[in-house]
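To start, the structure itself, in structure tokens.
The values are calculated or read from the model by the stated rules, or taken from the named source; none is laboratory data. Every value quoted in this text rests on a predicted model; they were computed, and no experiment measured them. No Cβ is skipped: glycine too gets one built from the backbone with ideal geometry, and neighbour counts run over all protein chains shown. Calculation scope for accessible area: heavy atoms of the full protein, side chains included, ligands and nucleic acids excluded. Shrake-Rupley method; radii C 1.70, N 1.55, O 1.52, S 1.80 Å.
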Amino acid sequence: MNTTETAVKQFFQKIAESGLESRAGQIEMALEISQAMMQKTPLAVEAEVGIGKSFAYLVPALIQYRKERCQIVIATSTIALQEQLLRDIQTVQKMLGMNMEIVLAKGMKNYICMKKIQSMHKKHLKSISLSHLQKLVLDGKQDKSQIDLDIPDEEWEKMAVSHFGNRRCQKCECSSKCVYAQMRLRLKTRNDIVICNQNMLASHLTKQKSGNGIFSSGLSVIIVDEAHNLESRFRESFTLSYTKAELIRPVKDLGFCSEQKEIRMLTQKTLDLFSEMFQIFKAQIREQKENSEQDTDIFYLRRTPKFHELLAKIKKNLTLIEPEHELSEIYYFLHEVYHESRKSIVWLEYRKEIRLCVCKRDIRKEISEMLYPPEKCTILTSATISDRQHGTAYEKCRYYLDSIGFPPDGKVAEPKKSPFDYENHSILYCSVMLPFPSQENRKLYRKMAVPEIVRLLKITKGKTLILFTAKSDMDYVYKKLCSRNLPYRILKQNVSSSQEYQLKKFRNDINSVILGTGTFWEGINIKGESLSQVIIFKLPFPMPNPVLDSRMAAAKSPLFEVSLPEMLIKLRQGVGRLIRSSKDKGIVSILDPRISSKSNVAYKKHVFEAVPIKNKTEKIEEIQDFWDRITEEAKLNEEIRTG
């Protein structure tokens, strides 16, 4: 047994002796991580809710750091989780008698750019005082969370750091007082414990070969929490993409500066061709959205003859506007789009604006080379990286591990099961009231879902999170529930306000109901009575898209090898919103009848095996009986507690 393992065992023994809760799965996980760190072996470990996985990796990580003083990077998926990890580290440090500085490294868009603020005029900010904001910035309050002002997103974008590492940033006179610049300098030059997001980690790993990595050469341990999101973060990092503005800006800058009238005229024609091409993209996205059952921001690029004609003209014009190849990056990008090969994928994205995207089809080899170097230890953990319940630890997590190029010599730990009492504290309701969901009967499915939801809300008297795969379905149900004048407040995820703002209202109003999609499947941690029921509107099968299609094309059974594992991982995340502590109790209701007794789909048993709730019923009366029992028990316990 190595010294780190010994120290870890002693730590958890002291916890048990002091009367604090000791969890077998947590100790087992901490010892496995200790071994992996000492042997510099990659480790993947699933730890279900209630294991206390953050302490399981923080304890050995801090003990290892105290011994070696090499940089440790902990990457997770959201700012909320980063901030929670900071609090957890401070707790563990205190218990270990340590006092190390921790760097909380948020993404650049969370920080104000001092240069932008200096050059701003009052007319740019309608909602706040520019002079007051400038004073806060000079006082060092440049992190969005430190600025106690209600700044609309569109105004924040004008002042946030948008690029870093280019010549302008390196020579900027504000860099010595810029919080983000100083934080980046520290990441590069000091061996601290760093908490960052997964995008920053992926960016570092993709840039380090060229010497432009973000972290120091002393980086020794990488820990990735919420690791089920990691492949998509790497794909974002490998993707080359441009908006229309990003494509035309350098063309304008070069073309309109030419002394030749013909070149200036050709430049204008080229800009018009770009505009026409993006109008085609806009029409394609609109058509695909109209025919989509779920929310997505990834769309197919339809290679019409008109598209090819426009792109060929643009490429030819670029060589005439700038024969010295100053537009080579854009030309190369458009060449890749034009000649899409078997090794690459081209697609469209639409969030706030349209992006044309290109990425290598299979990035597993690149991920493997970067994420698991022999001189470093990489720990991957999440509550949901397995998609099956039988076989070896590796076989249970095969789909996920294959997607991130997990090496053959890496270790996969046996999944750590939740210690929570699902048998007595929860029940799964499978509705048989709705038709099978499809594009053709989507309106009927929505219509019939509403009365079923109302029946379920009546049982728990609100206290419910309803999860959707499509914003349009969520908006429809929200409108219908509001029109019924139900005796509980109806809330929904709102694009114009922060997620936390809506969740705070849901927590505080115990009988309220909240509707959500997207991040609500995994970004919510609400303990107690406020969240007593989770309703799954539809099974969260992934929407077809060019990236997913490339995986399915390589599979012998696309449904069982790709679609089903993707769905099960997301479903487990959604179901996991219900029981967040040993005292939590409640109901998970799945409206989708594809897993009910009236369905013969081959994957039904896989769904029931994947979710931790084994008590299931199709009778709403049994749901009512279960709820009556647990509420009566709660009353009795409260009477005993209060004497």
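Considering the conditions (1) over 30 Å from Arg577 (Cα atoms); (2) in contact (Cβ under 8 Å) with a residue 12 or more places away in the chain; (3) part of a helix (DSSP H, G or I), Gln10 is excluded by exactly one of them, (2).
Checking each residue in region 15-60 for being in contact (Cβ under 8 Å) with a residue 40 or more places away in the chain and of a type in the set (D, E, K, R) picks out Arg23, Glu28, Glu32, Lys40, Glu46, Glu48, Lys53.
To keep it simple, each residue is scored yes or no on (1) in contact with a Pro (Cβ under 8 Å, 6 or more places away or on another chain); (2) open to solvent by less than 50 Å² (accessible area, probe 1.4 Å).
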| residue | (1), (2) |
| --- | --- |
| Met567 | yes, yes |
| Arg577 | no, yes |
| Lys583 | no, no |
| Gly586 | no, yes |
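Only one entry in Ser403, Ser418 is open to solvent by less than 70 Å² (accessible area, probe 1.4 Å) and either among the aromatic types (Phe, Trp, Tyr) or under 27 Å from Thr239 (Cα atoms) (or both), namely Ser403. Residues being surrounded by fewer than 19 Cβ atoms within 10 Å (Cβ to Cβ) and touching a residue at least 40 places away in the same chain (Cβ under 8 Å): count how many of those fall in region 555-564. Qualifying residue count for the region: 3.
Annotation note: Cβ proximity below 6 Å between a residue of region 565-580 that is closer than 12 Å to Leu531 by Cα and a residue that is open to solvent by 10 Å² or more (accessible area, probe 1.4 Å) and of a type in the set (Val, Ile, Thr) (sequence gap 6+ or interchain) occurs for Gly576/Val49.
Restricting region 284-301 to residues that are in a helix (DSSP H, G or I) and in contact (Cβ under 8 Å) with a residue 12 or more places away in the chain, which is farthest from Asp592 (Cα to Cα)? Residue satisfying both the conditions and the ranking: Gln284.
Here is a yes/no grid of residues against (1) open to solvent by 10 Å² or more (accessible area, probe 1.4 Å); (2) at pLDDT 90 or above; (3) of a type in the set (D, E, K, R):
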| residue | (1), (2), (3) |
| --- | --- |
| Asn485 | yes, yes, no |
| Glu500 | yes, no, yes |
| Leu503 | no, no, no |
| Ile524 | no, no, no |
| Ser532 | no, yes, no |
| Ser550 | yes, no, no |
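Residues in region 87-104 that are part of a helix (DSSP H, G or I) and open to solvent by 40 Å² or more (accessible area, probe 1.4 Å): Arg87, Gln90, Thr91, Lys94, Met95. For region 243-275, the set of residues classified as open to solvent by less than 30 Å² (accessible area, probe 1.4 Å) and not in a helix (DSSP H, G or I) consists of Thr243, Ser258, listed by residue number. In the set Lys614, Lys635, which member is in contact (Cβ under 8 Å) with a residue 40 or more places away in the chain, at negative phi and among the charged types (D, E, K, R)? Criteria check complete, one pass: Lys614. For region 207-228, a residue qualifies if it is crowded, with 18+ Cβ neighbours inside 10 Å and assigned to a helix (DSSP H, G or I), and the qualifying residues are Ala227, His228. Tell me, yes or no, whether region 423-442 has at least one residue that is touching a Gly at 6+ places or on another chain (Cβ under 7 Å), within 30 Å of Phe55 (Cα to Cα) and modelled with pLDDT of 95 or more. Yes, the conditions are met somewhere in region 423-442. Screening region 276-300 for residues that are of a type outside the set (D, E, K, R) and touching a helix residue (DSSP H, G or I) at 6+ places or on another chain (Cβ under 7 Å) and picking the one that is most open to solvent (accessible area, probe 1.4 Å) gives Tyr300. For region 55-73, does any single residue satisfy the condition of being small (Gly, Ala, Ser), more than 16 Å from Val103 (Cα to Cα) and not in a strand (DSSP E or B)? Checking region 55-73: at least one residue is small (Gly, Ala, Ser), more than 16 Å from Val103 (Cα to Cα) and not in a strand (DSSP E or B).
Within region 340-365, the set of residues being in a strand (DSSP E or B) and farther than 14 Å from Ala553 by Cβ comprises Val346, Trp347, Leu348, Glu349, Tyr350, Ile354, Arg355, Leu356, Cys357, Val358, Cys359, Lys360. For beta carbons closer than 7 Å, sequence separation of 6+ or different chains, a first residue in region 333-357 that is under 16 Å from Val547 (Cβ atoms) and a second that is open to solvent by 90 Å² or more (accessible area, probe 1.4 Å), the qualifying pairs are Lys343/Lys360; Ser344/Lys360. The set of residues in region 318-339 that are in a helix (DSSP H, G or I) and open to solvent by 20 Å² or more (accessible area, probe 1.4 Å) comprises Thr319, Leu320, Ser328, Glu329, Tyr331, Tyr332, His335, Glu336, Tyr338. Residue count for region 1-32, restricted to those that are of a type in the set (D, E, K, R) and open to solvent by less than 30 Å² (accessible area, probe 1.4 Å): 2. The set of residues in region 616-643 that are of a type in the set (D, E, K, R) and open to solvent by 70 Å² or more (accessible area, probe 1.4 Å) comprises Lys616, Lys619, Glu621, Glu622, Asp625, Asp628, Arg629, Glu632, Lys635, Glu638, Glu639, Arg641. Exactly one residue out of Gln71, Gln35, Gln82, Gln64 is open to solvent by 10 Å² or more (accessible area, probe 1.4 Å) and either modelled with pLDDT under 90 or out of contact with any His (no Cβ under 8 Å at 6 or more places or on another chain) (or both): that is Gln35. Within this structure, Ile128 passes the test of being farther than 30 Å from Asp421 by Cβ and modelled with pLDDT under 95.
Only residues that are open to solvent by less than 10 Å² (accessible area, probe 1.4 Å) and either out of contact with any Phe, Trp or Tyr (no Cβ under 9 Å at 6 or more places or on another chain) or closer than 20 Å to Pro408 by Cα (or both) were counted in region 48-59, giving 4.
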